[in-house]
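Okay, structure first, notes after.
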């Protein structure tokens, strides 16, 4: 049923690999490596409010954004035929399940770590010391804004209310939306989860409605004449342009993005690995079926020629053709607004855990700020930073090129980390094998992991292929791949900062970094990295400190 093996790991717990790292570090005092990253929290200070249906809803809500209302039409316009479009949607489903298998294997090895990519990259790449935590931390925090989701919500709210879409009205509603979402997420984990559950299942009902309506249209029970004719010669008009196919597949892959959102709150889920494996796959399977049925529904109600020659959303044409002009002009924008605000809430919940986990690694300033869950048992520091950055991105760049560029900038570093993540899976497997730990409790088939690695390479290569409009034919008026270069540039700058901070500064400053595991009153734990002066000839009363330095880790409570 799943693209991975289930194995009872023969006496080893899912925490075994972490225990091996700790054991090696503590017993081999001659090594320069230490416990890198965030310590495991035995009990999540955020509580355990994420049940089975919330796991489904979290993934639902992040997957179902505005893409299903927009993407099917743009895919058809690009590849030129209904048959080719549906084949790409099917390929998107296969890719998503392969990715789900990879993330499930990681989850089975680190079930007490939230933040998904944060923890998995940290564990896969402990060398060079601090490099991966530093680079991922800076990128994750700087690019933690959700401006595009908030702007889309504001646009469709105004359209649904039959109000003019002005620049500052749009920005004001977007700021109010992200403010309300962050405030709800800060005040109560339980109620923010409940709200996103409600919105998620409303979105599923919306897609069910579209899918069933499509079946009714195909049955000939609406005013659409000869809907089955739209599927005759399904591959007629298919383009052979490789760039168009690449762009179409990228759009479909990102339409499914969010199937791993539950991994971000993994330590808040009772019986986490089993729950995520079963209910995460249910969420992905249901969304996959609904996406395919919705695409068929759109193509049944709207002809290929009408989609190609209209500037309206395909979903708007669908509602207009089936229910009349008022439905296309009023009902659809309201549905898209509901979908986008639910997506914004799910992304905020998941990403706040990523940023908190990054802060717990100790490589950012003031780790207690990022880690602390006072007063509501929520990641307040991460939510505050997300709100501030999102407001800046909403307000500072002028509409058009600047805003599109800032939004695009988020994607390329994420694709780089995705590629590293899949490579890291094979590294961790080999490390476990050398340590005699055997297979992980859940294991993706190797061919599945390799295929997903190839997909990650494709996502790195595709943005460099020139668009049909030429070098300036992207969604900005300047060179189409500028955001890729800038994204790589940010990572290089992070690498330079890392080298200065972790290598040059300690060498010339005569100190070394010593990790201190700090436990806060709420039970939160984080790594604090202290600078300890080198002392080549310690006195006897300093022997205890030297032992701590050689092990590179101390512990205390505050």
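Bear in mind these aren't lab numbers, they're just calculated from the coordinates by the rules spelled out. In this text, all values refer to a predicted model and were calculated from it rather than measured experimentally. Note that each Cβ is placed from the backbone with ideal geometry, even for glycine, and that neighbours are counted across all protein chains shown.
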Original post:
Going by a ≥ b ≥ c, the root eigenvalues of the Cα gyration tensor, does the stretch 424-535 fall in the rounded group (a/c under 1.5), the prolate group (a/b larger than b/c) or the oblate group?
Top reply: oblate
Original post:
Is the stretch 53-207 best put as rounded, prolate or oblate by its Cα gyration tensor, with a ≥ b ≥ c the root eigenvalues, rounded for a/c under 1.5, and otherwise prolate when a/b is larger than b/c, oblate when not?
Top reply: oblate
Original post:
Can you give me the Cα centroid spacing of the stretch 101-136 and the stretch 412-438 in angstrom?
Top reply: 9 Å
Subject >> For the chain: relative contact order, % (alpha-carbon pairs under 8 angstrom, 6 or more apart) >> reply: 30 percent
**OP:** Of the DSSP beta bridges with both residues in the chain, give the percent that are antiparallel, rounding to the nearest 5.
**Re:** 70 percent
**OP:** Any chance you could give the angle, 0 to 90 degrees and rounded to 10, that helix 482-499 forms with the longest Cα principal axis of the chain?
**Re:** 10 degrees
Original post:
What shape does the stretch 449-513 take by its C-alpha gyration tensor, where a ≥ b ≥ c are the square roots of the eigenvalues and a/c under 1.5 counts as rounded, a/b above b/c as prolate, and the rest as oblate?
Top reply: oblate
Original post:
Which of the peptides 434-443, 294-303, 193-202, 500-509 is most tightly packed, and how do the rest follow, judged by the mean count of other Cβ atoms within 10 Å per residue?
Top reply: 294-303, 193-202, 434-443, 500-509
**OP:** Evaluate E = 1/(1 + (r/R0)^6) for residue 457 and residue 414, where r is the Cβ-Cβ distance and R0 equals 25 Å; express this FRET efficiency to the nearest 0.05.
**Re:** 0.95
Original post:
What ranking, highest mean first, results for peptides 108-114, 219-225 when packing means the other Cβ atoms within 10 Å averaged over each residue?
Top reply: 108-114, 219-225
Subject >> Packing rank of 54-60, 527-533, 510-516, where each peptide gets the mean count of other beta carbons within 10 Å, highest leading >> reply: 54-60, 510-516, 527-533
Original post:
Nearest 0.05, what FRET efficiency do residue 511 and residue 384 give at R0 = 22 Å with Cβ-Cβ as r?
Top reply: 0.10
Original post:
Any idea what angle helix 281-301 forms with the longest principal axis of the chain, computed on alpha-carbon atoms, 0 to 90 degrees, nearest 10?
Top reply: 20 degrees
**OP:** With a Förster radius of 45 Å, plug the Cβ-Cβ distance of residue 233 and residue 52 into 1/(1 + (r/R0)^6) and report the FRET value to the nearest 0.05.
**Re:** 0.50
